[in-house]
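Written below as structure tokens is the structure these notes are about.
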């Protein structure tokens, strides 16, 4: 049984820079920053530790670009949006001859899906992960799950996986996944699209397996 009404909320591409450049930081123009996500009227530019961040409200979440010489983070609501924003950022860095040598990169996902009809997410997750009950509790005890947060090693680059009921919608489950890659390469274009799409498919497949759907 597939996940019901699964939706990708955000996908993020994080790049760790191997050698922090000694030259000046790139001079991003205000026009570039406010148009990065094609929504200049709603975009906010703020200082961040050793750099800057750009925030732009989207349909489900806030799109973000965070920059400092040691780390770049781009967060969007789709693989296509991530490719477009990353391409624009990399083009600007090339124009300004900023040295970008990745030592590792990560892909993060936020998504949600609907619990079975007539059940709250909290009760359903409790049944799935605490059935038939917990040691030391009466068999009649009703168990509800507030959060399942797993840290992993050696599982196909997946480092952290989290499921929890959405606080604002009783029958929806929120999911988060973090993939880490110790690879010194810069993903762009079709490579980035393939990696993002493949990672999201792994998220959905893992949830399906965990919940025995």
Helix-only [θ] at 222 nm, the chain, -39500 (n - 2.57) per DSSP H run of 4+, per residue, nearest 500, equals -8000 deg cm²/dmol
Test of understanding: extend the Cα→C-beta vector of residue 103 to 7 Å, then name every residue of the range 36-80 with backbone N under 11 Å from that spot.
70-71
Within the range 179-195, whose backbone N sits under 14 Å from a point 7 Å along Cα→Cβ of residue 18?
182-187
If I model a spin label at residue 95 and residue 29 as a point 7 Å from the Cα along the Cα→Cβ vector, what separation in nanometres do I get?
0.6
Cα-based equivalent ellipsoid of the range 1-102: semi-axis lengths in Å, sorted from largest, via gyration tensor:
26, 16, 11
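Go ahead and run the numbers for FRET between residue 212 and residue 159, Cβ-Cβ distance against an R0 of 25 Å, rounding to 0.05.
Efficiency computed from Cβ-Cβ geometry: 0.60.
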Surface/4 estimate of mean projected area, convex hull on alpha-carbon atoms of the chain, nm²
14.0
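Given the peptides 158-170, 181-193, arrange them by the average over their residues of other C-beta atoms within 10 Å, most packed first.
Highest-to-lowest ranking by the protection proxy: 158-170, 181-193.
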Relative contact order in percent for the range 4-210 (Cα pairs under 8 Å, 6+ apart) equals 23
So how tilted is helix 79-95 from the main axis of the chain? Cα-based, degrees 0 to 90, rounded to 10.
20
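When ranked by the protection proxy of mean other Cβ atoms within 10 Å per residue, highest first, what sequence do the peptides 115-124, 75-84 form?
Highest to lowest by the protection proxy: 75-84, 115-124.
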Tilt relative to the chain, helix 189-210 - C-alpha long axis, 0 to 90 degrees, to 10
10
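No value in this document is a laboratory result; all are computed from the given coordinates. Values in this document were obtained by computation on a predicted structure and should not be read as measured data. In this analysis, Cβ positions are derived from the backbone assuming ideal geometry, glycine residues included, and neighbour counts consider all displayed protein chains.
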